[in-house]
Structure formats: structure tokens, C-alpha cells
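The values are calculated or read from the model by the stated rules, or taken from the named source; none is laboratory data. Model, not experiment: these values are computed from the prediction. Note: ideal-geometry Cβ built from the backbone for every residue, glycine included; neighbour counts use all protein chains shown.
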Amino acid sequence: MKPLLLIFLIASTVASAQQLTQFSLHSHNRFAVNPATAGSESYIPVLFSYKQYWTGFNDAPRFQNLSAHGIISRRVGVGVKLFSYYTGPLDKSGAEIAYAYHIPVSASGAKLSFGLSGSIYQYAIDKNKVSFENPKEPLLVRLSDKMIIPDFNFGTCFYTEKAYIGISFLQLLNRKIDMMVSTLDQKQITHLLVHGGYNFIINDKFSVEPNVLVKYMPQSFFQVDIGAKFKYDYVWIGASFRTDDAISASFGFSKDNIIVGYAYDYMISGLTNYANGTHEIILGYKINPQKPKVAQL
């Protein structure tokens, strides 16, 4: 591997557009984008997500996420999340713990919640996967094996039985990521996310839920993900469009305590000629602890 290529890989992993995972199934796990939604369901959702980017592209990124959240008192919710992101020899993994406070704002069940979470990120490089023509390559000698970075996230969410709208600020500390050379001035930059949706009940079996997720990072990144989910009984299909990135098609079911979903992203960015698309799955189980209920989103 050439030194310039390794620099490119590291820089791209922590670059602005790649710092937050592109969840095509974000409407099925709102806790993944906003800590204020911890405890917003009448049950405890335990969800596992896996995303394989750019099939056909060597050492393409892979993402895994395991999360759970629930209500622990009339107004308090908590949540936990474990995640990992791999790109070739590079690994970004960590954990997050969230606290949310839910305030009733109407007799019909509408609530306003505020959430704060603390995260620990570990950036690591597997030097065994990096080879140079010169085994004493100065870049490899200076390369740090790992770096640990703490961070915080904040969000708020207004929700009713059918609708929700929230805003979150992720990676609040803007911590510098310095794993090898000073010329790579990379940071975990604060992102602003806005998400919302409304569930139109057509009849006792059929419903339509449009949803939107907006991502913004000052001076460098703006993206809109707009989509809709069509549900009949316990089966659903969906479609979405993510600006400058992908068109997504999805399907799945939610029956009794089981949640299963799949999404395929067709790339519309510059990677179209090099990759075959992206696969995402979500598997979940609903645990009902018989705690005081809050309105479902």
C-alpha cells in the first residue's frame, strides 16, 4: 500500500460526509439519530442493524449497531448503543448511553422530550492489514494504533401517537482526530439533524407514513433523505431518495414482538461506476416490561 493511499483512507473515514452513518431505515430506529427518543415507545425495542456499503468495492465500509431503550419511570427514559464502523484496516467503534426526559403537553398524549447522551469513540488501525514496499516506511512508524475520543449529543423531540418531529446535535465537542501526521487536520464535527414523520391511518390494516431526515454540517455538508413507508397489516414496503447519494427500496414486517427489515441503496453518486449498491438489514425484538406507557410515535 502506498502512503498516499493510506492517508486517503484515514481521511475519508473521518471526513465530514462519512462521520455519520447513512441509515436508510432510520424511521424504524429513531434512537439512532436522536437521544431524546429514548423511552418514547410503550415497549423496549432491542434492535440490531448491519450495513454493507458499495458491494463490489474492495474494503468497502461496513457498519454494525446494537441498541435498546425504554422508559424507567413516568417521565424518564434511558438507552444504550454499541456500534462499529470498518473500512479496510480502519475501525471506528464505540458506545453511547442516553438519558431523556418526557413532558406531557396535552391531554391527548402529545409529549415533548429532551435527551442527552455521552459517547466514547475508538479509532483504530490494524497495522497487520497495512503493507508497504519499505517496511520502515516513516508513515507506518508514526502511525498511532488507536485513539479514544469522548463526545456528547443533545436532542429534543415532539411526538404524538401518529406524528413526530425532532432535532438533534451530534458530536458536540468537535474533538480533533490526530492518529498520524499533523497535516491531517480532521475533527469530529458537530452535525445538526432534523427528522420527522406522520402516520396516515387509511383503515384498520393499511397506513402510509411519509418521513424525512435532514443532515447539516456548517460550511461543508447538507443532505435531505425523504421517503415513505406503506404498511398493510404487519407487512410494509418503502422507498426513499437521499440527495447526492442514493435511491433506496425497502421491505419488512413487524408482527407480535419481531421486527425485520431490509433496504437496498442504488448509488447515484460518483461511485455508480465502481460499486453495485449498498445493503442494510435491521432485526429487532420488542420487550414489554409493563412500565408506564408513553404515546407511540
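So GLN171 passes all but one of these: (1) buried (at least 16 other Cβ atoms within 10 Å of the Cβ); (2) over 20 Å from the mean Cα position of the chain (by Cα); (3) among the polar types (S, T, N, Q). Which condition number does it fail?
Just one mismatch for GLN171, condition (2).
Quick check on region 116-138. Is at least one of its residues assigned to a strand (DSSP E or B), among the hydrophobic types (A, V, I, L, M, F, W, C), surrounded by fewer than 16 Cβ atoms within 10 Å (Cβ to Cβ) and at pLDDT 95 or above?
Yes, because at least one residue in region 116-138 is assigned to a strand (DSSP E or B), among the hydrophobic types (A, V, I, L, M, F, W, C), surrounded by fewer than 16 Cβ atoms within 10 Å (Cβ to Cβ) and at pLDDT 95 or above.
Going through region 248-268 one residue at a time, which ones are surrounded by fewer than 16 Cβ atoms within 10 Å (Cβ to Cβ) and of a type in the set (A, V, I, L, M)?
Within region 248-268, ALA249, ILE258, VAL260, ILE268 meet the criteria.
So, in region 212-235, exactly how many residues are among the small types (Gly, Ala, Ser), in contact with a Gly (Cβ under 9 Å, 6 or more places away or on another chain) and surrounded by fewer than 17 Cβ atoms within 10 Å (Cβ to Cβ)?
Restricting attention to region 212-235, the residues satisfying the condition of being among the small types (Gly, Ala, Ser) are 220, 227-228.
From what is left, the residues that are in contact with a Gly (Cβ under 9 Å, 6 or more places away or on another chain) are 227-228.
Checking which are surrounded by fewer than 17 Cβ atoms within 10 Å (Cβ to Cβ) leaves us with 228.
Result for region 212-235: 1.
Within region 192-247, work out how many residues are among the basic types (Lys, Arg) and within 20 Å of SER269 (Cβ to Cβ).
The number of residues fulfilling the criteria is 2.
If the requirement is being part of a strand (DSSP E or B) and closer than 16 Å to THR278 by Cα, which of these qualifies: PHE48, PHE23, PHE63, PHE57?
PHE63
Among the residues of region 79-115, how many are aliphatic (A, V, I, L, M), assigned to a strand (DSSP E or B) and either surrounded by fewer than 19 Cβ atoms within 10 Å (Cβ to Cβ) or modelled with pLDDT of 95 or more (or both)?
Residues that pass the stated criteria total 8.
Only residues that are of a type in the set (Val, Ile, Thr), part of a strand (DSSP E or B) and at pLDDT 95 or above: list them for region 163-215, please.
Listed by number, the residues that qualify are ILE165, ILE167, VAL194, ILE201, VAL208, VAL212, VAL214.
Does region 86-128 hold any residues that are within 30 Å of TYR159 (Cα to Cα) and hydrophobic (A, V, I, L, M, F, W, C), and which are they?
ALA95, ILE97, ALA98, ALA100, ILE103, VAL105, ALA107, ALA110, LEU112, PHE114, LEU116, ILE120
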